[in-house]
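What follows is one structure encoded as structure tokens, with my remarks underneath.
Nothing in this text is a laboratory measurement; each read-out follows from the coordinates by a stated rule. Please read all numbers here as calculations on a predicted model, not as lab measurements. No Cβ is skipped: glycine too gets one built from the backbone with ideal geometry, and neighbour counts run over all protein chains shown.
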Amino acid sequence: METYPELFFEIYTNKRRVYFSAGRNFTEIKKSIDNSDEIHVRQELVSGRRATYVYFPFDLTELFRFFDYAPLLKHHFHLEIDEGYERKTTWAEMARLTENEKLVFYTMIRYPGLTGGQIARRVSMSRQTVNAMKNRFISNGLLKTVRIPDIRKLGFELMIFAHMHFNPKKPIDKRHEGIELMLSKRSQILKISGNSEAIVLSVFENYTEYLETYDELLDFYEGNKFLLGNPVIRIFPIKKWQ
């Protein structure tokens, strides 16, 4: 992780790897990819298959779910709760931070368990100043709390990565029924989509549940001519995570 500071999420087994990274621009991301490829070649970690990279510019992308485990757990625990929470995440405006704000913001992300007082002592500022900054970060949409459960301890067996290409005649504003159907399945913890392609990360209790969900979604998407070719699916047995 320290070698790739842009990388913020990764899952892999002996045969498969999926990771997510973020960068200020395409040049920054491309340099990171080239550096990663060079290291893997040098360490003889490259297989015979070429890696596939998917790019989502923020201005051209809709984020429907971002590591949101609540619908999954609600279904898993059989909870009858009508919350009506927002499904789509909106992008915050470009932030302009002072040097002190950058330091506090980084410390909050790096050490999420620290209280305001503990952060204040670490960065040599008053607790009132740190708490005021934190409130501004939240109100400006720059910071939100995301809780990641340990799904290995809750009986889930599979995490599925799916990459889909779409029919050019079916841009995102014409695929709302498909998006709603997919989100209604509650297994998706992440869904990022543009006009031409999308990626989805899902969690399932077992292979049967995955297959039933996948077949229903595939039938609907193919029936409405949404897809361009077959989706790329990668199955990660949770017990084999590294």
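Descriptive notes on the structure:
- At most 12 other Cβ within 10 Å, DSSP loop - trypsin sites (Lys or Arg not before Pro), segment 86-173: Lys88, Arg96, Lys144, Arg147, Lys169
- Take the Cα of Leu60, step 7 Å toward its Cβ, do the same at Tyr111, and the gap between the two points is 4.1 nm.
- DSSP loop GluC sites (Glu not before Pro) with at most 14 other Cβ within 10 Å excluded, longest remaining stretch of the chain: 94-242
- 0 to 90° range, to nearest 10: angle between helix 127-139 axis and the chain longest Cα axis: 30 degrees
- Computed [θ] at 222 nm, helices only, for the chain once each DSSP H run of length n ≥ 4 contributes -39500 (n - 2.57): -10500 deg cm²/dmol
- Among the chymotrypsin sites (Phe, Trp or Tyr not before Pro) in segment 184-242, those placed in a DSSP loop whose Cβ has at most 13 other Cβ atoms within 10 Å are Trp241.
- Efficiency of FRET between Arg96 and Asn230 - r from beta-carbon atoms, R0 45 angstrom, step 0.05: 0.50
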